[in-house]
Structure formats: structure tokens, C-alpha cells
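First the structure, in the form of C-alpha cells, and then the observations on it.
Read the figures in this text as sums done on the coordinates, not as results from a lab. None of the values given here were measured: they were computed from a predicted structure. Backbone-built Cβ (ideal geometry, glycine too); neighbour counts: all protein chains shown.
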Amino acid sequence: MTTLTVDVAVAGGGLIGAAAAIALAQRNLSVALIDRAEPPITRGNLGFDIRTVAVNPASVELLESIRAWQSFAPCPFAAVHVCEERGTRFIEFHAADVDRTELGWIVEVSPSIAALWSRLRQEPNVTLVTGAIDRVDASAAAVKLHAGDGANATDVKATLLIAADGANSSIRNLLGVDAGRFATGQSAIATIVEIEREHGGVAWQRFMLDGPLAFLPLPSRDGQHFASIVFSQLDAAADRLMALDDAAFARKLRQASGDRFGEIRAVDRRVRFPLEQLVADSFQPAPRVLLVGDAARVLHPLAGQGVNLGFEDLAEVLRVAASVPRAELGDADLWKGFARRRRLRADVMVRAMDAFATAYRLQDPTLNWLRNVVVDVLNAAPPLKRQLIKEAMGFGIFAPPR
């Protein structure tokens, strides 16, 4: 068995955990990154990872600061178009409205994680530990973790533990932290499609009767155009969509998009996952333990902000850590403000997403009319639109200090 003592242990080697390990190591802290195994690159039949996320400019600034962004393969979008199945109005947000060239970027998840792991191996202050974490002792003067089994097991002792190990966080579960769950009654169907008409750098979303449909831009290849699909539907409707063959599913997408992208020429494997929002009861479940990313909260994908809130967590961790010597990283009082602020932001976002999704599911004619009125008012109020754009980009009044 190996014993390892570090300043910071990071549980989870996904986008947030890997970026956290790099950033902390670059600040001359010794870091152990713990994951079951190096995450593999996964791509479907059309050559893209079916899992994609939208990354906003604030997150990109962080990734650039740790010299990782240049290894990503992002697809920029300069506009967002939002409409609804029953309404007659739509709203668009444009990067030019805030003097930017992009509102954000769509990235494939597993190749982006691989790029971060490649960057990790260049950091002499990072030790990679593979194995499942099965014990955590946060009651002593340092956090103690046990990962792996048999001769390959490792005992890790850290001044600070950052849990970035996802929605089913083993750290959260081992420490007995409850997570308030907000059931949506929906499932999301994700896939990649080849489309006849180029997306033009627009992230497109339509609110259907059973949930939102998003076509997110991906790079064109050899004259072929592609989009990432996230189709959130009530569970019964999702059952029906998953039962369709590829040709019928393609016809459904073309119909649901109002023929905006023309023929859906090819459909990759479909992945279905239940939609459930959650917020951990505490983002600091022990004096030397912090929850970040999906381990702390999970959002409905309709706003495309989940991974960006995780990078916000990391940015604030780095800001707080920079204010003290390494010996004081485990001071419980140091992180109380962080935990309080991040929990409040999570509560607001989760409840807002729940209210937003619920409002679009209601089929009352008066509410339909009211939504159209609100869209008209918003379109006629450029200052308000600009503020909403800044919030989505991570530079608004509700974002943490930079």
C-alpha cells in the first residue's frame, strides 16, 4: 500500500476536477487527483462524443489561465434563438449586443477531459491516483482517504479535500450529506445528428409541449453539417421517442424544429438519462471538505449553465485559497463564506430552472399569451437583454468576484 501526503486532494477527474488539480498545482500546491481510472475518449458513429456542454466566456478565461483551453476543440456560437411550439414570438441574443464575437462554445466532453489529463501529466505537483474511494475520515487534523484495493491501494492525507466527483458523488455519500432533489418528471435524450442546413453559429432551442428541444452547433466536416441534440421530454413522451427507429426519430426532429435545419440526414446512437435537479445540504460538509460541480448541485440542461457553475466554484476556490498560506487551507472558517455563497447561488438557479420549465409546460391560453407579451417586452428592452447576456456569459452582477 502507498501512502501519500499532499496539500489538496481532488476527488473526480472530470472537467471540473481535472481543471482544479491543474490550477492548484500551478499555485505551487501539491495535489493528488483521485479517480477510478483515466476517463476514456468516447465517440459515436458520426465522429463526435454524444455528451457535449456549453462553455461560457468566464469559464474559458479560467481554462486559458491554466493553459488548457488551446487543447480543446470548441465550436463557437454567436447567437441564441429561443422560441416555443405554441407561441408566435421568439427571442434572440447576439454576441454583438455586448461587443463580443462569441456568446460561448460547445465542446465534446470526453475529448476535453482527455486534453485536461494530458495537461495534468505536465504538472510536477500533481500525483494521479487511480481507484475507487471507499473511506473518508474528515474528523482529524487532515482529511484521510483510502482509494483502490490490495497492493494497488493508496492512503491519501490532505489538508483540503475538493469533491468534484459528479452527481453521484462518493465523497458526499460517504460523509452522509443529503441532497435536496427537485423531480422534473422528464428525461433527456441526447444524440448527434447530421443536418442539411448549416447552423450558422446559432444555438437553437424550442420549448415543446413536453419539454425543450435544443440543436447545438458542432463543427462542419467535409461539407457535412452537424448538431448536438438535447431533447428533454416528459417520461412517457421520452419512452415513445426512444422506441422510434432512426428514420422516424429524424422525421420527428425535423418536424419539431419547424424544418429550420432541413433534412436530418443521419442520427447517432441515442442516450437517455433522467432529469433530476439537486442541491447538497452543505457545500462544506466537514471543516476540510468542499463540494463543487455536480457533486454540489445539478441543474436542468435547458439553461446550459451546469458546467459553468462548476467552473465558477473553482474560480472562487482559487480566489479564497490565494488569500492564505498553504498551512491554513484547512481552516474551517476560511471556507464558510464560500459554502454559503455557492449554496445560495445554487438554490436560486435550481429554483429558477424549475419555475422556468414548469411555466413552459402549462397549457393555459392566458399563460401562452402572457409569455408572448413578456418576449415582446424583453425584445424591446436592449439594456435588459444585454444584462441577461452578461449573466449567461458569467460576467453579470450575480457572478462571483473576479
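Near the amide H of Thr127, within less than 5 Å, lie the amide hydrogens of Val31, Ala32, Leu33, all on another chain or at least 5 residues away, with H placed in the peptide plane. Potential lengthening of the chain between Ala167 and Arg86 amounts to 25.8 nm, from the contour at 0.36 nm per residue minus the alpha-carbon distance. Rg and Dmax, both from the Cα atoms of region 205-252 and both in Å, are 12.5, 38. On the basis of the beta-carbon distance and an R0 of 25 Å, Ala322 and Asp97 show a calculated FRET efficiency of 0.15. A convex hull fitted around the alpha carbon atoms of region 123-247 yields 240 Å³ per residue. Sorted on the mean count of surrounding Cβ atoms within 10 Å across their residues, most packed first, peptides 113-120, 196-203 read 113-120, 196-203.
Full extension of the chain segment joining Arg67 with Ala236 gains 56.4 nm, where the gain is 0.36 nm per residue of separation less the Cα-Cα distance. Eigenvalues of the alpha-carbon gyration tensor of region 177-330, scaled by 5 and square-rooted, set the equivalent ellipsoid semi-axes at 38, 20, 11 angstrom, largest first.
Computed over neighbours whose Cβ is under 15 Å from that of Asn125, the net charge equals +3, Lys and Arg +1, Asp and Glu -1. Taken over the C-alpha atoms, region 46-147 has Rg and Dmax values of 19.8, 61 angstrom. Rounded to the nearest whole Hz, the Karplus-based 3J(HN,Hα) values (6.51 cos²θ - 1.76 cosθ + 1.60, θ = phi - 60°) of region 3-9 follow the sequence 10, 9, 10, 9, 6, 9, 9, with x at glycine and proline. Global dimensions of region 126-189 from alpha-carbon coordinates: Rg and Dmax equal 14.8, 45 Å.
Distance from the Cα centroid of region 216-266 to that of region 100-133 is 29 Å (rounded to whole angstrom).
Cβ-to-Cβ counts within 10 Å put Ile229, Ile50 in ascending order as Ile50, Ile229, the fewest first. In the frame of its principal axes, the chain has Cα extents of 61, 42, 40 Å, reported largest first.
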